[in-house]
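Shown next, in structure tokens, is the structure this report addresses.
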Amino acid sequence: MEKCSLLLKNCMEIISPKNKCARGKARKKINMWKNTDIAINNDTIADIGKNLDYRPDKVIDASNYVVMPGFVDSHTHLVFGGSRDEEYLMRVRGESYEKIAEQGGGIKSTVDKTRKLGENELFDLAENRLRKLLSYGTTTVEVKSGYGLDLKTEMKMLHVIKRLQEKYPETVISTFMGPHEIPGKYSEREYMDYVCNEMMPEVKKENLAEFVDIFTEKGVFSIDETKKYFEEAKKMGFKLKIHADELHPLGGAELAAEYNAISADHLMEITEKGIERLGKSNTVATLLPGTSFFLMKNNYAPARKLLDNNVIVALSTDYNPGSSNTYNMQMIINLASLYLKMDIEEIINAVGVNAAKAVDRSDRGIIKKDKKADLILLDIPNYKYLVYQYGLNNVKMVIKNGEKVVENRTDYLFGES
């Protein structure tokens, strides 16, 4: 009898993306097993089948749970200081996000608060947020810098991300986002020169980020400056991401396709040409319905057009203090169903293999032999309850790297044997 480290016995329902990338006709393809076992060896799925004959070190009775791949959250701003709760109340009273930013709020407000905190303080805040993300079923999370806007603070944020990576292996993916906003003392060109000539070389020297990102938007960074940033980043070996066409249709999606970026994110104002270009590329369209919802905007990214035009679509929380203050990918699933009009099978692919593609990780987001054993056990009668119920945390248990790391939704066991 073969040995395994963990056996999930008699899973009531196992739901997983079917293909390594879900686009076109494959976007609705999922696998489903009932009353089936999953054998795990160390951090890898060893086998899937009924009545598996293994000698396990540990057994979990999964007969009352729906088992899915852990969520991949491919767009977050997890490291920051302070809060922007007052800005939320201002928006409720009718102030726009843009107007608040003009008055000194928005990203610049968080920058000021982040600069004032030490690395240890930022780490403690970020770790607490990461553990909450885990409790909601996210087993892989991309984390951006971008609330520093100077070399010292950007490096401080990236060091925090590095420490999270070391403490929570194979969980955190690092992105440098120095061009998140333009500090007041710089012109756009001056600040981009500073980013390219001083910041990025230091980030690369210390190997603190895998990806780079930029906020390409009216009043922030133009298409021309984004091209310069992408060119310099490519020379240094970074993979490319972009905040694109969020508030205005500037052509960020087209640029992402042209430069073969890993992902183009937001896309509420994407053009027909942008949709066409993404549909012919391998760039993932990462949609963030939580942002539209939290900013009380009526326009959401055109998910149906994207899906119907062969675009690879992922979903993410965009967790940040100003425009999407949620850890809960299950809530994003609800919003994708309600406002993006995505089918549940499309959503399962969008938070699984497609989100994994948006961070260049082909070893997760799917339940398959030899893939990473990142799994969640949901306390629901069937997978359709992912969209049928809302506002709840249905994740009972989280398995990361083949080990149980969350139990009873809030009992954190990461690193315990």
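Here, each number is a calculation from the coordinates, and none is a lab measurement. Please read these numbers as outputs of a predicted model, since none were measured by experiment. Don't worry about glycine lacking a Cβ; one is built from the backbone with ideal geometry, like all the others, and counts go over all protein chains shown.
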Query raised in the report: Taking neighbour counts of Cβ atoms within 10 Å as a proxy for exposure, in what order, fewest first, do 199, 177, 90 appear?
Result: 90, 199, 177
Query raised in the report: In the Gaussian network model of the chain, springs joining C-alpha atoms below 10 Å, which of 395, 212, 92 carries the largest mean-square fluctuation?
Result: 92
Report task. Between 316, 83, 324, find the one with the highest GNM mean-square fluctuation for the chain; connect C-alpha pairs within less than 10 Å. Result -> 83
Requested in this report: Give me the number: length gained by fully extending residue 379 to residue 85, i.e. 0.36 nm times residue separation minus the C-alpha to C-alpha distance, one decimal in nm.
Outcome: 102.7 nm
Query raised in the report: Taking +1 at the Cβ of each Lys and Arg and -1 at the Cβ of each Asp and Glu, which of 279, 182, 347 sits farthest along the dipole of the range 72-357 towards its positive end, judged by Cα position relative to the Cα centre?
Result: 347
Query raised in the report: Any idea what angle helix 119-135 forms with the longest principal axis of the chain, computed on alpha-carbon atoms, 0 to 90 degrees, nearest 10?
Result: 40 degrees
Report summary line: With DSSP loop assignment and no more than 13 other C-beta atoms within 10 Å, the trypsin sites (Lys or Arg not before Pro) in the range 311-410 are 341, 369, 384
**Report entry** Average Cα contact separation per residue, the range 1-135, under 8 Å, 6 or more apart, as relative contact order %
**Finding:** 25 percent
Query raised in the report: All other residues with a Cβ under 13 Å from the Cβ of residue 233 taken together, and with Lys, Arg as +1 and Asp, Glu as -1, what is their net charge?
Result: +2
Report summary line: If every Lys and Arg gets +1 and every Asp and Glu gets -1 at its Cβ, then about the Cα centre the chain yields a dipole, in debye to the nearest 20, of 1060 debye
Query raised in the report: When the Cα centres of the range 198-257 and the range 130-193 are compared, how far apart do they sit, in Å?
Result: 14 Å
**Report entry** Order of 319, 388, 383 - criterion: other Cβ atoms within 10 Å of each residue's Cβ, fewest first
**Finding:** 388, 383, 319
Query raised in the report: Based solely on its DSSP helices, what 222 nm [θ] is calculated for the chain when runs of n ≥ 4 H residues each add -39,500 (n - 2.57) and the sum is averaged over all residues, nearest 500 deg cm²/dmol?
Result: -9000 deg cm²/dmol
Query raised in the report: Each residue of the range 367-384 in order: what ³J(HN,Hα) in whole Hz does its phi give by Karplus 6.51 cos²θ - 1.76 cosθ + 1.60, θ = phi - 60°, with x for Gly and Pro?
Result: 9, 7, 4, 6, 8, 5, 8, 10, 9, 10, 10, 9, 8, 9, x, 6, 5, 5
Requested in this report: Just flag the trypsin sites (Lys or Arg not before Pro) in the range 20-97 sitting in loop per DSSP whose Cβ has no more than 11 other Cβ atoms within 10 Å.
Outcome: 50, 93
Query - Percent of alpha-carbon pairs separated by more than 21 Å within the range 176-312 - result: 40 percent
Requested in this report: Would you list which lysines come within 18 Å of residue 20, measuring only between C-alpha atoms, while excluding same-chain residues fewer than 8 positions from it?
Outcome: 28, 29, 280, 357, 368, 369, 371, 372
Report summary line: Cα-Cα pairs in the range 222-302 separated by more than 16 Å, as a whole percent of all pairs, come to 48 percent
Report summary line: So, with points 7 Å from each Cα along the Cβ direction, the residue 341-residue 390 label distance in nm works out to 1.6 nm
Query raised in the report: So what are the ³J(HN,Hα) numbers for the range 195-202, from phi and the Karplus equation (6.51, -1.76, 1.60; θ = phi - 60°), rounded to whole Hz, Gly and Pro as x?
Result: 4, 6, 8, 10, 6, 4, x, 5
Report task. Putting +1 on Lys and Arg Cβ atoms and -1 on Asp and Glu Cβ atoms, find which of 203, 30, 240 reaches farthest to the positive end of the dipole of the chain. Result -> 30
Requested in this report: Per residue of the range 213-221, in order, report the coupling 6.51 cos²θ - 1.76 cosθ + 1.60 (Karplus, θ = phi - 60°) as ³J(HN,Hα) in whole Hz, putting x for Gly and Pro.
Outcome: 9, 8, 9, 8, 7, 4, x, 10, 10
**Report entry** Distant-in-sequence amide H partners of residue 284 (H built 1.01 Å from N, under 5 Å)
**Finding:** 263, 264
Report summary line: By the mean-Cβ-within-10 Å protection proxy, highest first, 293-302, 141-150, 104-113 rank as 141-150, 104-113, 293-302
Report task. Please tell me the relative contact order of the chain in percent, rounded to the nearest whole number, where contacts are Cα pairs under 8 Å and at least six residues apart. Result -> 21 percent
Query raised in the report: Taking other Cβ within 10 Å of each residue's Cβ, how do 248, 266, 159 sort, fewest first?
Result: 248, 159, 266
Report summary line: Candidates for semi-axes √(5λ) of the Cα gyration tensor in Å are [x] 48, 24, 20; [y] 53, 20, 18; [z] 35, 23, 20, and the calculated one carries label [z]
Query raised in the report: Straight-line reach from residue 239: which aspartates and glutamates have Cα under 15 Å away, leaving out those fewer than 8 places along the same chain?
Result: 142, 210, 213, 231, 258, 265, 360
**Report entry** Length released on extending from residue 116 to residue 223, taking residue separation times 0.36 nm less the Cα-Cα span
**Finding:** 35.3 nm
Report summary line: Stretched fully, the stretch from residue 50 through residue 362 gains (0.36 nm per residue minus C-alpha distance, one decimal, in nm) 109.7 nm
